[in-house]
Structures are given as structure tokens and as C-alpha cells.
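Have a look at the structure below, then the notes.
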Amino acid sequence: MLLLVLLSNTAKSAQQRTTVALDLTRLNDRQYSALDGLALEQRLVLRLVEEGFAVVAPSAQAPSHGRRPQTAPTPTPEILVRVEVHGDVIVLEAERARHTERREINWDRQVELELLHLELSHKAVELVRSVQSRPITTAESASSEARRAPPTAPRAMQPASTSELEPASVTAGVEIGGVWRPPALDPMARLGLRLHLGGPWRGELGVAAVSASEPGIRVIEIEPEVGIALELKLRERWALSAGLRLGPLLHTYSLDAGGAEQGSGSSVDGYAASPLRVALRLFGPVELDWTIAPGIATRGRRHILDGKTLWQRSPGRIEATLGVAVAL
């Protein structure tokens, strides 16, 4: 009702003020429900009216989601604002004559819709003012009337599925850093996948490689792992997660010294770690991760040759890595 009154009142002043129309018909039913399209449209209309624009319907023959057709003709809008969703990106597009500008807003699904609608209304006003400030020719104006087709009739709304409301289901990443196990610090690298399990929960699968060679002995360790983590959004682009991961530790070695009774070998232990990760979303699906992970192995290891310790690591450990991850 409020939306109809605003449209009716603003249509009367369309001859004196720049007319703007909103088009949400490029949203599918699930996107429209996930965004709460009706509330978003009301927020956009109110903000545009507050800024002095006359908001009109895109077409007298094509009502928006959930509104009855208008019986009185409406002015042809000078500026048409469209809303689209592509994955986790919301696109606002403003068209005036043959000139089009757009803005992209990352959609953080854990941010309240009211705050998202507020941000979108600010961006929409900036976009409209930007295209309004550009002068147009008579030829451009005539061409735009021919190009602007009325929006298609909306489909009936359906409840949003869980997949529409959640972020990307899989994130792949690579990390480099080191693991300190007294008395030494060894370089390591990790490849991993983070799986969205629902809400703030994430599953983790990965494999790490540690190079722990010292003079007289070459040591390579492989660590397959599985884990679970709880992720919390700190700010718009920041997230913090804490979790637990477990896995086998495959220890392989070869002695450089000649005459050793056993020049090479391997063994398997277990280990557990509790990673604490801070993530910063850089752009689009790309994020930067910092991870600290204290942990412990089922036992320490030592290699001795002729009564002399060639290599030793304690069971306690602390990992520190820097990584890059991409949402798939």
C-alpha cells in the first residue's frame, strides 16, 4: 500500500522531476525470496523519493512482484534501475538513453537483509545521480525508447532453498609456512578444501608436506587430514574460524652416511591440531588466510647413528601459514 501511494504521488510530479523506474524482474523466484524483493523495492523507492526523484512503474502493463496492474498511464521513466544476482554478487544497473552504468556489491549471506537493503539503496542513489549528470542528445533519447522493452511478467514466488541462502559450498586453497617442533622449525606447504556444511560450520580436507632434512639425513613427512571448523563473520570482509583436524603422519627418511644398518625407512603416527584462521576477502571469490595451529603427534621421533643424534623432533608442534583461497 505504501509503495502504491508513493508511486501515485510521484507520478503526478514526473513532469518536474527526473523519473526513475525499478526493474527486479531479472531476479528468479529464489533470488527474489532470498533478497526479500518486496522489502528491497520499498527501501529503494523510499530512498529515491527522499533524494528528490519521481519513482514510476517501468511499464503500465507490467506490474512488479505482488502488485496489481495500474489503470492510469505512467510516464516513461528517464532512468531505469535493474537489480540482478550472479552467484554472491548483486549487480545494480542504471540506464539512461543509450548510456548504462553498473555497480557490483558482494553479497555476504550472513549480513542481515536490512543492512544489505540499506547498502543497496545508497549504491542505487549514487548510480542514478551518476547517469543523471551525463548529458544526452536527442538521438540518444529516441534510441533508448526503441531499445527499452517492458519487463516480463513475474513468476509466482517460491520459498528460497537453503543453497540460495548460503555462501559458496566449496573453497580451495594453498598455504605455505612452517611448523615448529622443538628443537627445529621446518618449512611446510598445504593444499586443502573447505566444505560448507550449513550455517557457520565448515568441513576441511587437505594434505600437507613438511621438509625436515638435516645434515646426514633427509626427512619428508606427508600429512593427510580431515577436520571441522566454526566460522564467524567479524566484519564485511573479515572472518574468523576455529576448529579441529586429525590425520596420519607419514614419516619417511634416508641416511646419507654410509655403513648404516638401515639407510632408509618410513613409519606412520597420528597427529591432531587446532587451527585458528583469520580470512580477508580481497575481491570476488578470492581471500587471504592467516593460520596458527597448535597440535600434538602421538609420539616424538629421533634418529641416532653411532650413538649420535642425527635428527630429533618433539611431539608438540605449532604451525604458522599464509594462504590464498578461492570459492568455487
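For the stretch 196-328, treating each Cα as an identical point scatterer without solvent, what Debye log10 I(q)/I(0) comes out at q = 0.10, 0.12, 0.15 1/Å?
-0.43, -0.58, -0.79
Which residue, ILE222, VAL210, LEU234, has the largest displacement toward the positive end of the dipole of the stretch 170-327 when charges sit on each Cβ (Lys, Arg +1; Asp, Glu -1)?
In the stretch 170-327, that residue is LEU234.
Note the full-extension length gain between VAL91 and ARG17 as 0.36 nm times their separation in residues minus their Cα-Cα distance, in nm to one decimal.
Gain in length upon complete extension: 24.1 nm.
Sort 85-94, 30-39, 126-135 for me by packing, meaning the mean count of neighbouring Cβ atoms within 10 Å per residue, highest on top.
30-39, 85-94, 126-135
Please give the length that would be gained between SER254 and ARG134 if that part of the chain were fully extended, namely 0.36 nm times their separation in residues minus their C-alpha to C-alpha distance (nm, one decimal).
Full extension from SER254 to ARG134 adds 36.0 nm.
Amide H of MET188 versus every other amide H placed in the peptide plane: which residues, excluding those fewer than 5 positions away on the same chain, fall under 5 Å?
Residues meeting the criterion, in which the H sits 1.01 Å from N, are GLY177, GLY178, VAL179.
Could you tell me the calculated FRET efficiency between LEU197 and LEU118, based on Cβ-Cβ distance and R0 = 25 angstrom, to the nearest 0.05?
My answer for the efficiency is 0.25.
Could you compute how fast the stretch 268-328 diffuses translationally, taking Rh as the Kirkwood radius over C-alpha pairs and applying Stokes-Einstein at 37 °C with viscosity 0.692 mPa s? Give it in µm² per second.
In µm²/s, the coefficient is 232.
Only the coordinates and a few stated rules stand behind these numbers; no lab work does. Quick caveat, the model's predicted, so the values are computed rather than measured. FYI the Cβ positions are ideal-geometry reconstructions off the backbone, even for glycines, and counts take in every protein chain you see.
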